[in-house]
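All remarks here apply to the structure that follows.
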Amino acid sequence: MLAMIFAALGISGDLEVTRFIRGDRNAARSMLRRLTPVIQSRVRSTLRRRSSSLSPDDVVQEVWVTLMQDDKRLLRRYDPARGSSLEGYVGGIADRVTSDAVRRSRAGKRDVARTVSGLPSQVEDARGAVDRPILDRDLLERLFTHLEETLPRKGRLVLRCVFGDGLSTREAADALGVSQQVVHNWKFRIRKDARAYLAEV
């Protein structure tokens, strides 16, 4: 009965998860300690199994971003009455996110146009005139590669969260554990770097 009530309210049957979803900072710290080792272990295991050279730290961060998306939608779905521990449930999500990351990497950024959809789609020359109204696929791929190679780690994460996954500034800030101003600053830096790169090609 209790599980049914929780489900009807759209919250988890795990009280610690529920407190975390509601924004309790003590619960957030507890969840971080509880789940980070699980996520790290599952990410590293999947990367080894798939023979991937992706950075485990970046993928772990991507798992956390996934858990925080849509007002922690996946955590709200967790129901201990179904027989799975929270660690097992989140571990399964970590496996799926890691496998998806490996597939994207091996696909050679086929979806790069979507990934950088929020970046400048027009290039202005020194006179301010539009030089190229639509970026071709090859240029988009080179732009994305340039940003991935030159941005610091936090900048790469904002690039993926905001321009790749479509998170709002608030959602990205929550997922990355930073202020919204930090995310705003990185968005400005990313757009500036993108324009500078595109102006030179």
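Rule-based calculations on the coordinates, nothing more; no lab input. Predicted, not measured: the structure shown is a model, and the values here were computed from it. Here the Cβ is made from the backbone with ideal geometry for all residues, glycine too, and neighbour counts use every protein chain on show.
Taking other Cβ within 10 Å of each residue's Cβ, how do Ile39, Ile190 sort, fewest first?
Ile190, Ile39
For the residues Glu171, Glu200, what sequence is obtained by ranking on other C-beta atoms within 10 Å, fewest first?
Glu200, Glu171
Distance in nm between label sites at Ser55 and Asp100, each 7 Å beyond Cα in the beta-carbon direction?
The answer from the label model is 2.0 nm.
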